[in-house]
Amino acid sequence: MPQRVHPPAHLTPIQAPATAPWILPLPPTDLSKLATGFRPASMDDKWLCFSRGDAHAQQNGILLVSLCRSWTSREFVVLRVKTGGGGDAQVCQITWETESGCSEDEAKDLAAGVCRGVLGCEGF
């Protein structure tokens, strides 16, 4: 089983956040992929993905999944994922960087592309 990816030491959090609901049920296989994350192996890998949640969040079944640019460790999207018993999960909220003029639809497309292409998720 792969080890969980941890946040980079020099993470640049989202500077101009916007948040919107996003109700997206996920298959059980996606939850483990989102929780484990992705550490870039080379400079060709453009994304770093990791999950986090304090003990309170985890107790309440919330997983925060960050999608960051690998070279700069700059956070672009944070997905709030609600987890349930038996591996059930759903994305319930998205927060994204608006500094570059990214819209909600563009942020959702970006997140879906990274989750499918980098993490191998099927529910996006």
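The values are calculated or read from the model by the stated rules, or taken from the named source; none is laboratory data. From a predicted model like this one, the values you see are computed outputs, not experimental measurements. All Cβ positions, glycine included, derive from the backbone under ideal geometry; neighbour counts span all protein chains shown.
Observations on the model:
- Single residue of the range 1-12 satisfying the filter (within 21 Å of LEU119 (Cα to Cα) and out of contact with any Lys or Arg (no Cβ under 6 Å at 6 or more places or on another chain)) that is modelled with the highest pLDDT: LEU11
- Given (1) surrounded by fewer than 18 Cβ atoms within 10 Å (Cβ to Cβ); (2) more than 22 Å from HIS10 (Cα to Cα); (3) not hydrophobic (A, V, I, L, M, F, W, C), index of the condition GLY123 fails: (1)
Matching residues to (1) in a strand (DSSP E or B); (2) in contact (Cβ under 8 Å) with a residue 24 or more places away in the chain:
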{"position": "PRO21", "(1), (2)": "yes, yes"}
{"position": "LEU34", "(1), (2)": "no, yes"}
{"position": "ASP45", "(1), (2)": "no, yes"}
{"position": "THR72", "(1), (2)": "no, yes"}
{"position": "ARG80", "(1), (2)": "yes, no"}
{"position": "GLY120", "(1), (2)": "no, yes"}
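- Residues satisfying the stated conditions in the range 96-118, i.e. assigned to a loop (DSSP other than H, G, I, E, B), in contact with a Leu (Cβ under 9 Å, 6 or more places away or on another chain) and within 14 Å of PRO17 (Cα to Cα): CYS102
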